[in-house]
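*Asks:* Structure below; questions to follow.
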Amino acid sequence: IYCSVIETCQNYQIQNRAKEWTEALSGWCGKQPELVAFTGRCLIHRSEILILDGKWTEAFAEAGAACRRLLAGPVEHHAGPAYYQEGEVLRLSGRYDEADESYRSASRLGFDPQPGLALMRLRQGKSQAALSSIKRTLASVRHPVGRMRLLPSAVEIMLAAGDIETARKLCEELSGFAARHVSDAVEAASAEATGDLSFAEGNLEGAFPSYGRAAELWRDLHAPYRLSRLRLKI
């Protein structure tokens, strides 16, 4: 029950509720370490939340522990998302060679390392590789959960590539998801993406209200890295 609720919250990026349930699940799993599959999934969720909280050292440790537990379990490919989480912390820290290896490990275990891999390619100055990979992934993902996970990064990459028209369509799609699913993190990402679009179009005054709303939401979610990035944009 814990895992089902947390997975739903994480899928729809309802982060405040996901944090509450993850803390409860962590306490329960801590008393029953023999439950490898459950404790591994729990650690992945904890890593996701710790990344948002800006606690990257702890997030990396939890992801690594999840990799070890899930690889030791009966179904090895369950470790794919854990390796992806490792890659995310390494990417955010600028440790791209190590992140690349973690993403490759995730891919070998059947987990698509997007959008993290595309964002890393963008940071490395490989904009065409980033654009190609995010387009390919977007074309193959139709479910709202998968789309919500990809769209903020896709908007960023499209704008970096100068494709404002596609970015506008993706912003509209993201805004629709935020309204439909009442997701705090998706609403924050949508407001930020809308501000980025206005900025790219040269509408500086139009960007400020969107950035202001995004800052308010990221602050409420206690997401220091996202808030810091936003303040730099402002």
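*Asks:* Starting from region 86-98, keep only residues that are among the hydroxyl-bearing types (Ser, Thr, Tyr), then list their pairs with residues that are open to solvent by less than 30 Å² (accessible area, probe 1.4 Å) whose Cβ atoms are within a distance under 9 Å, requiring at least 6 positions of separation or different chains.
*Replies:* Correct list of pairs: SER93/ALA99; TYR96/LEU90; TYR96/MET120.
*Asks:* How many residues, within region 195-232, are in contact with an Asp or Glu (Cβ under 8 Å, 6 or more places away or on another chain), assigned to a helix (DSSP H, G or I) and over 20 Å from SER175 (Cα atoms)?
*Replies:* Residues in region 195-232 being in contact with an Asp or Glu (Cβ under 8 Å, 6 or more places away or on another chain), assigned to a helix (DSSP H, G or I) and over 20 Å from SER175 (Cα atoms): 1 in total.
*Asks:* On to the next question. Output the helices (runs of 4 or more DSSP H) that fall wholly within region 65-177 and possess 1 or more residues being within 24 Å of PRO224 (Cα to Cα) and among the hydrophobic types (A, V, I, L, M, F, W, C), or say none.
*Replies:* On the way: elements: 80-92, 96-108, 116-123, 127-140, 144-160.
Helices (runs of 4 or more DSSP H) meeting the threshold: 80-92, 96-108, 116-123, 144-160.
*Asks:* Which residues, counting only those in region 206-234, are of a type in the set (Asp, Glu) and at pLDDT 95 or above?
*Replies:* Residue satisfying the conditions is GLU216 alone.
*Asks:* Name the residue that is least open to solvent (accessible area, probe 1.4 Å), counting only residues in region 1-36 that are out of contact with any helix residue (DSSP H, G or I) (no Cβ under 7 Å at 6 or more places or on another chain) and not in a loop (DSSP other than H, G, I, E, B).
*Replies:* GLY27
*Asks:* Would you say HIS45 is open to solvent by 60 Å² or more (accessible area, probe 1.4 Å) and in contact with a Leu (Cβ under 8 Å, 6 or more places away or on another chain)?
*Replies:* no
*Asks:* Continuing with this model, one more query. Restricting attention to region 66-123, report how many residues are touching a Cys at 6+ places or on another chain (Cβ under 8 Å) and charged (D, E, K, R).
*Replies:* The qualifying residues number 1.
The values are calculated or read from the model by the stated rules, or taken from the named source; none is laboratory data. Keep in mind that what you see is a predicted model, and the values were worked out from it rather than measured. Note that each Cβ is placed from the backbone with ideal geometry, even for glycine, and that neighbours are counted across all protein chains shown. Ligands, DNA and RNA are stripped out before the accessible areas are found, and what is left, the full protein with its side chains, is counted by its heavy atoms. Shrake-Rupley method; radii C 1.70, N 1.55, O 1.52, S 1.80 Å.
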